1. Which of the residues belonging to the range 152-163 are in a helix (DSSP H, G or I) and closer than 25 Å to ALA56 by Cα?
2. Name the single residue, out of those in the range 627-663 being without any contact (Cβ under 8 Å) to a residue 40 or more places away in the chain and acidic (Asp, Glu), that is nearest to LEU750 (Cα to Cα).
3. Quick check, is LEU869 buried (at least 18 other Cβ atoms within 10 Å of the Cβ) and closer than 24 Å to GLU742 by Cα?
4. Does any residue of the range 276-287 turn out to be within 22 Å of LYS518 (Cβ to Cβ) and either touching a His at 6+ places or on another chain (Cβ under 8 Å) or crowded, with 21+ Cβ neighbours inside 10 Å (or both)?
5. Would you say VAL549 is β-branched (Val, Ile, Thr), buried (at least 19 other Cβ atoms within 10 Å of the Cβ) and within 27 Å of the chain's Cα centre (by Cα)?
6. Hey, any hits in the range 839-852 for a residue that's touching a Gly at 6+ places or on another chain (Cβ under 9 Å) and closer than 22 Å to ASP461 by Cβ?
7. Can you list residue pairs whose Cβ atoms sit under 9 Å apart, with the first residue in the range 716-732 being within 18 Å of PHE861 (Cα to Cα) and of a type in the set (Gly, Ala, Ser) and the second being open to solvent by less than 20 Å² (accessible area, probe 1.4 Å) and part of a loop (DSSP other than H, G, I, E, B)? Count only pairs 6 or more apart in sequence or on different chains.
8. Would you kindly identify the helices (runs of 4 or more DSSP H) lying entirely within the range 587-693 that contain at least 3 residues that are open to solvent by 30 Å² or more (accessible area, probe 1.4 Å)?
Amino acid sequence: MDLNSQIIDIAGLDKALNEGQDPLPLFRDAVKQSNESLGELFRQGQPVEALVELRAQHVDALLIRAWVLKIPRSVHAALIAVGGYGRGELHPASDIDIMVLLGTEKPHEAVDPEKRDRLSEALSEFLTFLWDMGLEVGHSVRTLEECVLEAQQDITVTTNMMESRLLAGPRAFHVSLRIAIGPDNIWPSDDFFKAKLWEQNKRHLKYDDTVSNLEPNLKECPGGLRDIQTIVWVAKRHSSAETMHDLVIHGFLTEQEYQDLNASQELLWRIRFALHLLTGRREDRILFDYQRTLAEQFGYEDDEEGLGIEKFMQQYYQTAIRISRMNEMLLQLFQEVIVLQYHLAPPKYINNRFHSRSGFLEVADDQLFARYPLAMLELFLIMEQHPELQGVRASTIRLIRSHRHLVDDKFRSSLQARSLFMEILRQPQGVTDELRRMNRYGILSRYIPAFGNIVGRMQYDLFHVYTVDEHTLFVIRNLRRFVANEHRQEFPLCNDIMERLPKPELLFLAALFHDIAKGRGGNHSRLGAEDAWRFCKLHDLSDYDSNLVSWLVENHLLLSKTAQRRDISDPDVIREFSEEMGSLVRLDYLYLLTVSDIRATAPKKWNNWKNSLLRELYHASKQALLRGLENPQDRDEIIQNKQAGALHFLRSEGINYDKAISLWLSLSLDYFLYHTWEEIAWQTKIVLAAKPQELPLVLIRKSATRGGTEIFLYSEDRDNLFAFTTSLLDQLGLNIVGAQLETADTSYILNSYLVLEQDGEMVEDTSRKSEIQEKLRNALKDPNALDPGVSRHIPRHLKHFSTPTRIDFGQDEANQRTIMKLVTDDRPGLLSQIGYAFGDCGIRLIKAKIATIGAEAQDRFFITGLNNLPLSEPSQFDCIEQTIRQRLEGKTSP
């Protein structure tokens with residue numbers, strides 16, 4: 001099928017131009033027709049490679065005719081396509097980069113400045129004409145000398161001009177350009193390779209050196225189109241390869257590898273083409289805004305196996321992983337060919353199967369893996385045991401790729417394979433690097449088949465920022481940092497615990513399996529625990545060790561959920577959690593796994609507050625286990641100990657004992673259970689010293705114990721005070737992570753809010769503290785002050801996730817209160833709306849535990865009626881639920 005004839009009528013355009021018709025409408029119509037026709041052909045399923053080439057051809061035809069129309073024949077200049085356009089590849093909104101190369105009638109003659117000025121006028125008309133017809137063009141105007149100077153200084157300019165095609169003008173100009181910027185004159189191939197490798201490494205770091213960003217840039221991210229282009233650029237510089245298939249001719253790729261790489265590029269091209277059509281602009285980021293639509297366009301639907309959007313993104317990530325693996329292998333090969341120029345050092349003996357050469361590991365002979373497949377596992381062990389090795393030779397990587405199918409059931413059941421794998425986990429160094437290498441080479445998913453299901457698997461939320469396989473390996477990386485003394489200052493408690501673990505490899509196994517069942521349906525923790533048990537028994541671990549690993553996998557969320565969602569100042573919660581632990585060994589292992597897991601889920605969301613919650617629960621549970629589960633500490637004992645510590649401090653400060661006791665008698669027991677003795681002493685001292693004219697008191701201080709900034713309010717109580725205060729804090733851009741509310745018998749409130757800045761850090765700046773203090777005090781001082789409302793917009797990424805509002809109630813009989821669990825979309829002003837709903841229904845709020853998981857709020861509120869008793873009437877529950885839903889739907893306002 002001649003697709004060209006279906007798109008624009010070039011012959012008709014020429015005829016109309018020859019008849020003297022106004023050229024601009026003709027060109028504008030041609031651009032519009034081309035864009036619309038290419039889009040329709042794409043939707044019909046035409047090969048994207050053909051469409052990308054066709055668009056470049058259409059732009060060629062239009063630019064050449066516009067050049068003839070606008071540029072006088074007497075001008076000594078050439079019109080040259082560069083960059084992606086120079087390659088003959090244009091997506092619907094790709095950059096159209098051109099260069100006007102200035103020359104003279106005679107070689108080596110300088111360009112006349114006056115002629116250049118006259119040309120500038122014509123070029124200005126030419127470029128304006130291109131923009132008016134609907135082509136967004138990037139351009140440069142240079143002499144040959146300027147091209148060389150720019151290219152010498154900037155390798156991106158060299159790369160851009162390497163991919164150039166002559167569109168119009170003297171061919172000799174273009175030939176001179178290719179020679180002048182060639183490797184014989186500037187950027188010889190070895191320097192070019194080093195510069196491109198540095199450029200790629202820098203680009204990868206910008207995207208956290210991982211393919212699995214939530215909103216990946218399919219051009220720039222690791223495993224993106226730029227990684228393919230880097231391979232071709234380096235080969236082109238060294239061996240004059242013009243196309244990707246030339247890599248096969250020059251011996252850099254096998255035919256099968258070329259087919260794999262080409263198929264990967266074809267998928268990314270299809271996604272990019274669809275993105276440009278969808279957005280109407282040059283958009284290379286697969287943003288949440290477009291992921292669902294793209295998944296539907298590519299035929300993915302929701303079913304029992306998962307969301308269509310997750311399956312679409314998994315296809316993208318797995319493709320990016322394949323490109324990344326190929327990129328690594330080829331760049332390693334290029335280093336040997338271009339930098340070392342095949343002058344490899346003599347091999348150094350490691351064992352009968354492997355030796356090192358020029359700092360890289362290689363097999364002793366090419367038949368090793370065919371003859372002895374177990375050597376594919378041994379390779380990773382050797383890399384751990386020889387940290388002086390820089391990597392694996394490209395030829396050996398290629399052999400692994402072609403033999404990894406031999407890692408089958410027979411291989412996995414081999415005693416030698418099982419021993420090798422466990423030995424890899426037990427090494428004192430290199431565990432993370434080699435597990436990542438195993439994943440890149442496709443061996444990890446062959447050895448643990450269930451791992452293959454999570455390779456490239458994303459979770460459509462804002463909480464998990466990496467694919468499941470990347471996240472898993474980050475967890476192990478975090479665990480390994482607890483072994484290294486150079487990282488001790490990060491988590492000294494974790495390092496101390498790790499030092500006393502009898503078998504750290506059990507922790508690494510639990511990390512490998514903790515999310516391995518995601519995407520299968522059902523409870524992934526329980527399914528993963530079953531996988532872990534079978535794996536441990538297959539690898540000859542004892543029942544005790546197998547049980548521990550399986551238990552860790554099944555309960556890997558327990559510590560996190562307890563710390564973030566339950567009231568860990570309640571001794572009953574600590575007792576219940578400690579009974580779940582059963583032993584200090586389990587507690588130690590689970591604490592390390594939990595810290596590493598949360599940090600690897602969303603590293604930028606980790607903060608001191610989360611760290612302090614986990615640490616507080618760990619210490620409280622450890623104390624309970626050491627004391628003995630049969631002898632739990634009761635509330636009275638805890639409160640007495642805290643009051644004794646606070647009184648000791650207050651006496652040293654000269655505070656009257658009777659006044660302190662009098663104040664405390666007006667407070668609830670919950671106040672003393674929540675606060676530390678130091679917080680009780682500090683607040684008592686402030687309240688007793690406060691004068692009526694100083695109220696309301698607003699004090700701000702760093703709370704190292706709780707990992708946040710404490711805002712303490714002391715004032716007379718008033719209606720909807722919690723709602724009003726949280727609205728103010730939200731307007732100030734503060735993230736409220738906890739609230740302890742206390743109303744004394746005197747009708748004065750002692751409320752503590754734990755807050756963080758939006759970046760998760762404490763409030764440190766003095767002027768910022770003053771701003772918060774002044775705004776709160778002025779608002780609370782005015783009894784007629786109106787709620788300012790929250791004017792912050794919902795962030796873009798939150799708009800693409802919807803969580804149905806769920807409200808559940810439970811009774812905490814021991815503490816005589818009701819617990820309300822709320823799950824809903826996170827949004828500005830949420831806590832304020834909840835506070836007003838409580839006020840509308842006559843509900844007293846005692847405490848709030850705030851947890852935001854990605855785009856989802858998972859908050860717990862500890863409440864009573866105005867009689868300070870748990871809720872009991874159905875009308876109370878109905879009122880709360882209905883009022884909250886109405887407020888969240890925007891049907892009422894404060």
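1. ILE155, THR156, VAL157, THR158, THR159, ASN160, MET161, MET162
2. Of everything passing the filter in the range 627-663, ASP658 is nearest to LEU750 (Cα to Cα).
3. Values: buried (at least 18 other Cβ atoms within 10 Å of the Cβ): no; closer than 24 Å to GLU742 by Cα: yes.
Spelling it out, it is not the case that LEU869 is buried (at least 18 other Cβ atoms within 10 Å of the Cβ) and closer than 24 Å to GLU742 by Cα.
4. Yes, the range 276-287 has at least one match.
5. For VAL549, the condition - β-branched (Val, Ile, Thr), buried (at least 19 other Cβ atoms within 10 Å of the Cβ) and within 27 Å of the chain's Cα centre (by Cα) - is not met.
6. Yes, some residue in the range 839-852 is touching a Gly at 6+ places or on another chain (Cβ under 9 Å) and closer than 22 Å to ASP461 by Cβ.
7. So the pair list comes out as SER727/GLY829.
8. 608-627, 635-652, 657-665, 677-689
The values are calculated or read from the model by the stated rules, or taken from the named source; none is laboratory data. All figures in this text were calculated on a predicted structure; none of them were measured in a lab. All Cβ positions, even for glycine, are placed from backbone atoms using ideal geometry, and neighbour counts span all protein chains on display. Calculation scope for accessible area: heavy atoms of the full protein, side chains included, ligands and nucleic acids excluded. Shrake-Rupley method; radii C 1.70, N 1.55, O 1.52, S 1.80 Å.
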